[in-house]
Number of protein chains: 2
Amino acid sequence: MIEKVFASIITIGDELLIGQVIDTNSAWIAGELNQIGILLKHRIAVGDNREDILEALETEGKRSKIIIITGGLGPTADDITKPVLCEYFGGKMIVHEPTLAHIQHIFEKVLKRPMIERNHKQAEVPDVCTVLMNEQGTAPGMLFEKNGVWYISLPGVPHEMKWLMQEKVLPMLSEKFSGGVVVHRTLLTAGLGESFLAEMIQDIELSLPAHIKLAYLPNYGLVRLRLSGWGNDAHSLTEEILTFFNLLKERVKDYLIIDEDIPLERAIGKLLVAQKATVATAESCTGGYIAHLLTTHAGASAFFKGSVICYDNEIKKQLLGVTEDCLQQFGAVSSPTVEQMAIAVKKLLQVDYALAVSGIMGPDGGSPEKPLGLVWVAIAGPKGVKTQELRFRFTRKRNIELTAAHTLRLLHAAIVENK
Amino acid sequence: MIEKVFASIITIGDELLIGQVIDTNSAWIAGELNQIGILLKHRIAVGDNREDILEALETEGKRSKIIIITGGLGPTADDITKPVLCEYFGGKMIVHEPTLAHIQHIFEKVLKRPMIERNHKQAEVPDVCTVLMNEQGTAPGMLFEKNGVWYISLPGVPHEMKWLMQEKVLPMLSEKFSGGVVVHRTLLTAGLGESFLAEMIQDIELSLPAHIKLAYLPNYGLVRLRLSGWGNDAHSLTEEILTFFNLLKERVKDYLIIDEDIPLERAIGKLLVAQKATVATAESCTGGYIAHLLTTHAGASAFFKGSVICYDNEIKKQLLGVTEDCLQQFGAVSSPTVEQMAIAVKKLLQVDYALAVSGIMGPDGGSPEKPLGLVWVAIAGPKGVKTQELRFRFTRKRNIELTAAHTLRLLHAAIVENK
């Protein structure tokens, strides 16, 4: 077996430590490294503080062969990563002419503003690094080497960091560090909690060899089952994982949504495209969130036609023809109302499937008969319309997300039923 | 000056290291600790691996007085946090009767399923910890103490972790550790990049005392300016920060959105409520995302009436009366089309303000005349309708988010203009 190659991520910035910003970069970097067989060992966040940065460089350098550092490269006084790196690697700051020319170009052609001294400073780099030109912004990437360890400093702005990783860093890492291969296969399941799934597949899990791991990833009532293997040869590892993957797939078939690592809404899109069918939504309490999910991924125009977001009851009546009688007798959050909404939007937008939701997301608005978190959902399809009651008890944001996830599961089931 | 109290967060789980899951817990925990004067020093992520967990416990215990540990408490084989904690703190596993009773109750009353052996195991805890009863789920929280350091282990499921933090952990920490006070004040600005803002307020920044820091937090074309101070006395610190805050506010007034740390869409909601005005959206390329943002926060029904999501051109014609002529002559992504959409949805939903967007979000669909990332936006208000062209060049997801952010900025400007 070849040696595993480990990496660490150091994220720098006070905003990460006081909770003002969620770190989405690390997950993305981890996923990309993983694809080329480099295993993330450690992820560490420190503030904009000289001592903490120096200590992190020192300790992570002993732990991993590759250290990815993000953040703290901006033009303002709180950004100290560059001088601290310069100090740690024993260099002095010099102007990097190609970067200066690039920044000048951005100011002249894109921003159409004169450069100020701070922007000049962004073209300075320690003379002991290899510059990774950042065509997406003004802060250059930098590569340092010390005792065989690579330290790569990247801006924290997500799209700049991603561009530098994809265009510069990942190709270099692939060439320099041969980290073996990592293969993942994922099943998306719904309807059974992780402990029951674990019970159902226990014998398969116990039979896995040491280099293949099974993980349970629960999220919004769905559970992903992920097999991850590590080895030398992509072909034989893929075959080996496939054997266990097929065993799992057969075992959980009654709860299987799809045998790929894609979100539920993409699984729905694939089914609709295969059926040459279309969908629309009528949303009250989710305020467009379900439409947003359905249109997040490329290719949505093949199956998604549109929505009526009827937050106000007047819009329910006026655009969807929900009757005053129905609203008076049963209320906006009721089975008859969502049934009328789903049937109306299906007809109005001339689609094959329509969903409708109405509920009380909180934090205000509940009553003894209609408590906070009560939701009614309707799915209208070629075989008629079905309604269902849901109840949640979380924050507004989570109630909206859970309503969307459960409604999409019901939509998925209706489409599958119609195959 | 009293001593600063530092905390570390250790997140446990392979899913965080292979990039499958974005860690939103840490930012939330950091923000909550910060509110009670406890400063996050370090945040570290390790896999489901005994040695790495033990090492993290050891090193963070030397660094901080408070260690918050999340994840790895589930019922499946990849969850090893509990036995590793038991080993590290030298205990043995025992059944915690109140937790067992609670789990039995959940299975009988909520899940209506028989318990299996794995669920029994969730009631086991090391006999050297104080159990923090988790009323939101089956995995108990645990508090360990060693050499004056508190180690608090919580489930990784966000709503369970948050409940335990708010109900149990934060009150205990407030009482046990007096960490001084931390005060933040934030200005939300738009229209000027961070280097130009920095230039504009340089003298104020340089005049800040050592215990008050200024941070620039750019996001989607907006920049937050955050003053953070640390001290003993809440009242005097608040007063001191206010002085600098007012200086900044006056200096950046031409670019100021709001003098609070709230998202742009909430600033818009506040303005609309103050004007007793309402809003609606007509969205093509954003697919409901702007409506979702406007309805994310409590109280949206006071100003948001609804939307027409017209992804398909047929819906633009049918529901919003966009003319065939207009679509033929100018195309769906054009100034005349969004103008017709905005005027129509304003009239149809009887609102004071309406916005309309149509664009090409990618990755497919561009042409030489209408390139990828081209967006047209219209804002209709009491003073008429304005359109604007936007151009983005990022991924589909980012293009959608930037379109929403810029459109909301234009809406904000239109509402302010009408004050």
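Taken together, the values in this text are just the output of simple stated rules run on the coordinates, not laboratory data. This is a predicted model, so every value here is computed, not measured. Using ideal geometry, Cβ is built from the backbone for each residue, glycine included, and neighbour counts are taken over all protein chains shown.
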**OP:** Sum -39500 (n - 2.57) across every DSSP H segment of at least 4 residues in the protein assembly as shown, then divide by the residue count to get the 222 nm mean residue ellipticity, nearest 500.
**Re:** -11000 deg cm²/dmol
**OP:** Before anything else, pin down the relative contact order of chain A: Cα pairs under 8 Å, at least 6 apart, normalised by residue count, whole percent.
**Re:** 10 percent
Original post:
What list of ³J(HN,Hα) values in whole Hz, one per residue of region A:144-156 in order, does the Karplus curve 6.51 cos²θ - 1.76 cosθ + 1.60 (θ = phi - 60°) give from phi, with Gly and Pro shown as x?
Top reply: 10, 10, 8, 6, x, 9, 9, 10, 10, 9, 10, x, x
**OP:** Mind sorting B:I241, A:I152 by how few other Cβ atoms lie within 10 Å of their own Cβ, fewest first?
**Re:** B:I241, A:I152
**OP:** Could you please tell me the mean projected area of the C-alpha convex hull for region B:3-102, averaged over all directions and given in square nanometres to one decimal?
**Re:** 7.8 nm²
**OP:** Report the trypsin sites (Lys or Arg not before Pro) located in region B:199-299 that are in a DSSP loop and have at most 14 other Cβ atoms inside 10 Å of their Cβ, or state none.
**Re:** B:K276
Subject >> Loop-located GluC sites (Glu not before Pro) in region A:213-309 whose Cβ has at most 15 other Cβ within 10 Å (DSSP) >> reply: A:E260
Original post:
How big is the C-alpha Rg of region A:278-343 next to the rule-of-thumb value 2.2 N^0.38 Å, as a ratio?
Top reply: 1.19
Subject >> For A:I67, distant residues with modelled amide H under 5 Å away >> reply: A:S8, A:W150, A:Y151, A:I152
Original post:
In sequence order, what are the phi-derived ³J(HN,Hα) couplings for region B:313-330 according to the Karplus relation 6.51 cos²θ - 1.76 cosθ + 1.60 with θ = phi - 60°, rounded to whole Hz, with x for glycine and proline?
Top reply: 4, 4, 5, 4, 6, 5, 8, 10, x, 4, 7, 4, 3, 4, 5, 5, 6, 10
**OP:** Go through region A:77-85 residue by residue and turn each phi into a ³J(HN,Hα) via Karplus (6.51, -1.76, 1.60, θ = phi - 60°); whole Hz please, and just put x for glycine and proline.
**Re:** 5, 7, 9, 10, 4, 5, x, 5, 5
Original post:
What is the sum of charges around B:L16, taking Lys and Arg as +1, Asp and Glu as -1, for the other residues whose C-beta is under 9 Å from the C-beta of B:L16?
Top reply: -2
**OP:** Go ahead and set up a Gaussian network model of chain B, Cα springs under 10 Å, then flag whichever of B:K305, B:K109, B:K370 fluctuates most.
**Re:** B:K109
Original post:
Under a Cβ-Cβ cut-off of 14 Å, what is the net charge of the residues other than A:R398 that fall near it, where Lys and Arg count +1 and Asp and Glu count -1?
Top reply: +3
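From the square roots a ≥ b ≥ c of the eigenvalues of the alpha-carbon gyration tensor of region A:181-258, which class results: rounded (a/c under 1.5), prolate (a/b over b/c), or oblate?
Prolate, because a/c is 1.5 or more and a/b exceeds b/c.
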Subject >> Teacher prompt: B:I262 distances to equivalent labels in other copies, 7 Å Cα→Cβ, nm >> reply: 4.0
Subject >> Nearest beta-carbon to the A/B symmetry axis - residue in chain A, distance in Å >> reply: A:G288, 2
Original post:
Can you give the Kirkwood hydrodynamic radius for chain A, in Å, rounded to one decimal and based on Cα pairs?
Top reply: 25.0 Å
Subject >> Other-copy label distances relative to B:N147, 7 angstrom Cα-Cβ extension, nm >> reply: 2.3
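More than 28 Å apart: what percent of Cα pairs in region B:264-417 qualify?
13 percent
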Subject >> Amide H contacts of B:F304 (H built 1.01 Å from N, under 5 Å, at least 5 apart or other chain) >> reply: B:V279
Subject >> Farthest toward positive dipole pole in chain A [+1 Lys/Arg, -1 Asp/Glu at C-beta], among A:Q318, A:L16, A:C86 >> reply: A:Q318
Original post:
Relative contact order for region B:141-286 using alpha-carbon pairs under 8 Å, separation at least 6, rounded to a whole percent?
Top reply: 24 percent
Subject >> With eigenvalues of the C-alpha gyration tensor scaled by 5 and rooted, the protein assembly as shown, Å >> reply: 40, 36, 28
Original post:
Residues of A:350-357, mean number of Cβ from any other protein chain within 10 Å of their own Cβ, rounded to a whole number?
Top reply: 1
Subject >> For A:T130, inter-copy label distances in nm, listed shortest first [label point 7 Å out on the Cα-Cβ vector] >> reply: 5.4
Subject >> Exercise: per-residue mean of other protein chain Cβ atoms within 10 Å, B:113-119 >> reply: 3
**OP:** Might you report the magnitude of the Cβ-based charge dipole of region B:264-417 about its Cα centre, with Lys and Arg at +1 and Asp and Glu at -1, to the nearest 20 debye?
**Re:** 500 debye
**OP:** Largest first and to the nearest Å, give the Cα extent of region A:118-203 along each principal axis.
**Re:** 61, 30, 18
Subject >> Net charge of neighbours whose Cβ lies under 14 Å from the Cβ of A:K419, counting Lys and Arg as +1 and Asp and Glu as -1 >> reply: +1
Original post:
In percent, what relative contact order does region B:264-417 have, based on Cα pairs under 8 Å that are 6 or more apart in sequence?
Top reply: 24 percent
